[in-house]
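Peer 1: The structure that follows is given in the form of structure tokens.
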């Protein structure tokens, strides 16, 4: 199995320090700070990277589950909302908001497969200590 890598460097104390995060592939490198995590200031943060990973993983897992069930999706688009409680120092909720353009499927089957993908996605499994919500919309 492949091992994927990322790195982060932090300089200074928690409140006034800053850092950088980057992916081994070179496809992303960004700055982050206390303000970008907890005060909605411009810049990156670990939570949005978790959200991107989760949205990407779910979209792939959902497409795969649809295909295995005999439905070929035209597209699956997923957004993730990651909520962090700064006081508790914990990610409390991740909400996946997904839209699928899938021909020849009814909404009940679409929802069933979406929930199976949410539970089976490797990132969902890695984040099993967090409440994961799903809002899936069939667009066809």
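Peer 1: Would you mind stating whether residue 28 is surrounded by 15 or more Cβ atoms within 10 Å (Cβ to Cβ), on the phi < 0 side of the Ramachandran plot and not assigned by TED's automatic domain parsing to the domain that holds residue 82?
Peer 2: So residue 28 does not fit the description; no.
Peer 1: Still on this structure, please answer the following. Scan the range 53-73 residue by residue and report those that are within 23 Å of residue 27 (Cα to Cα) and more than 9 Å from the chain's Cα centre (by Cα).
Peer 2: Scanning the range 53-73 gives 59, 60, 61.
Peer 1: Evaluate the following for residue 60: is it closer than 18 Å to residue 122 by Cα, at pLDDT below 95 and either surrounded by fewer than 18 Cβ atoms within 10 Å (Cβ to Cβ) or outside the structural domain of residue 126 (by TED's automatic domain parsing) (or both)?
Peer 2: Spelling it out, it is not the case that residue 60 is closer than 18 Å to residue 122 by Cα, at pLDDT below 95 and either surrounded by fewer than 18 Cβ atoms within 10 Å (Cβ to Cβ) or outside the structural domain of residue 126 (by TED's automatic domain parsing) (or both).
Peer 1: What number of residues in the range 123-140 are surrounded by 12 or more Cβ atoms within 10 Å (Cβ to Cβ) and more than 24 Å from residue 85 (Cα to Cα)?
Peer 2: Residues that pass the stated criteria total 4.
Peer 1: Another one. So residue 67 passes all but one of these: (1) in a loop (DSSP other than H, G, I, E, B); (2) modelled with pLDDT of 95 or more. Which condition number does it fail?
Peer 2: (1)
Peer 1: Could you tell me how many of the residues in the range 110-123 are touching a strand residue (DSSP E or B) at 6+ places or on another chain (Cβ under 6 Å) and touching a residue at least 60 places away in the same chain (Cβ under 8 Å)?
Peer 2: Here the count works out to 1.
Peer 1: What number of residues in the range 70-89 are in contact (Cβ under 8 Å) with a residue 40 or more places away in the chain and not in a loop (DSSP other than H, G, I, E, B)?
Peer 2: 1
Peer 1: Further question on the same structure: Working only within the range 97-109, note down all residues that are over 19 Å from residue 80 (Cα atoms) and without any contact (Cβ under 8 Å) to a residue 40 or more places away in the chain.
Peer 2: Listed by number, the residues that qualify are 102, 103, 104, 105, 106, 107, 108.
The values are calculated or read from the model by the stated rules, or taken from the named source; none is laboratory data. All of these numbers come straight from a predicted model, not from anything done at the bench. Here Cβ is always computed from backbone atoms with ideal geometry, including for glycine, and neighbour counts include all displayed protein chains.
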